[in-house]
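Data block below; observations after.
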Amino acid sequence: MDKIDRIPFRKEIEGLFRKMPAMELERFLKAAELVTGYTGDLLAGLTGRYIQNGIVLLSENGYVTTKFSLPVAAEEEPEVRMSGSTRVGQLKLKPFFRHCLDCYPLLLDLYPASEHFRLSDSLFPLSFVHEAKGLIYELIRIPDNREELYQGILLKDALQYQDRRFDAYRESVRRIAVVQVPACAQYVPYIGFSFICVKTETEKGFMIAEKRTGDTWKDLIR
């Protein structure tokens, strides 16, 4: 057996990048902690072995990816080196994945319910089913300076759920938006959004700007 194959949790770590092809180093460490159960020196030693053996690739600007995920995530092909702790040059991510990464701390916070999240090219690019609660979670990153535009897009999209035959869906869906600053929460309509969050440079990676209760679909004409 190859020594790389003997590194614990290799398949689980590779599985992380099949779902999220690149992530910031801080988020990778948190994801690895959740998947492996390792903390402190054990986690540092394990993730160091992943990096040194090329199981994951660290970029000069702090992203972690794999050789298989790199072509999926990169907007431009970066320099890749055969050895060293930093094997990828400056990694420029595709806009889609940059937006997904702004939501990723929330998925990690909701782990293990969010373990089997999926990415899609829909209006809500991240979603998962919280099986224990019987709820559907949908996440969206609203781009900077486009809050009013997205307000209209979201309201138009929600019209498809106005009929009573969608009552069960509206009751089971929980939506989360990530905006640039707390003041932008005012542009997020009441169409299933329970939380409006802001990405932060903290250990958790986000803060809650607004928590909504009551009729979270009150902006939808029914």
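At R0 = 35 Å, how high is the FRET efficiency between residue 180 and residue 12 if r is their beta carbon distance? Nearest 0.05 is fine.
FRET efficiency, residue 180 to residue 12: 0.60.
For the chain, with all protein chains present and a 1.4 Å probe, just round the carbon and sulfur fraction of the accessible area to a whole percent.
Percent of accessible area from carbon and sulfur atoms in the chain: 51.
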Computed for the chain: size of charge dipole around the Cα centre, +1 on C-beta of each Lys and Arg, -1 on C-beta of each Asp and Glu, debye to nearest 20, value 380 debye
According to the Cα gyration tensor, what semi-axes, each the square root of 5 times an eigenvalue, does the equivalent ellipsoid of region 1-155 have, listed from largest to smallest in whole Å? 29, 20, 12
Around residue 93, which amide H atoms from residues at least 5 apart in sequence, or from another chain, sit under 5 Å from its own amide H, with H modelled in the peptide plane? 75
Can you tell me the relative contact order of the chain? Whole percent, Cα pairs under 8 Å, sequence separation 6 or more. 13 percent
What is the packing order of peptides 131-138, 92-99, 174-181, taking the mean over residues of other C-beta atoms within 10 Å and listing the highest first? 174-181, 92-99, 131-138
Ignoring everything except DSSP H segments at least 4 long, calculate the 222 nm mean residue ellipticity for the chain; use -39,500 (n - 2.57) per segment, divide by total residues, nearest 500. -9500 deg cm²/dmol
Full-extension gain in nm, residue 83 to residue 204, via 0.36 nm per residue minus C-alpha separation: 40.4 nm
Where the centre of each part is set by its Cα atoms, how far does region 87-166 sit from region 191-219, in angstrom? 12 Å
If r is the Cβ-Cβ distance from residue 120 to residue 167 and R0 is 22 Å, what FRET efficiency results, to the nearest 0.05? 0.35
Between residue 94 and residue 52, what is the label-to-label distance in nm when each label sits 7 Å out along the Cα-to-Cβ direction? 3.4 nm
Would you list which lysines come within 16 Å of residue 11, measuring only between C-alpha atoms, while excluding same-chain residues fewer than 8 positions from it? 3, 19, 67
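The values are calculated or read from the model by the stated rules, or taken from the named source; none is laboratory data. Because the structure is a prediction, the values reported are computed rather than measured. Using ideal geometry, Cβ is built from the backbone for each residue, glycine included, and neighbour counts are taken over all protein chains shown. Protein only, heavy atoms only, side chains kept; ligands, DNA and RNA dropped before computing areas. Shrake-Rupley method; radii C 1.70, N 1.55, O 1.52, S 1.80 Å.
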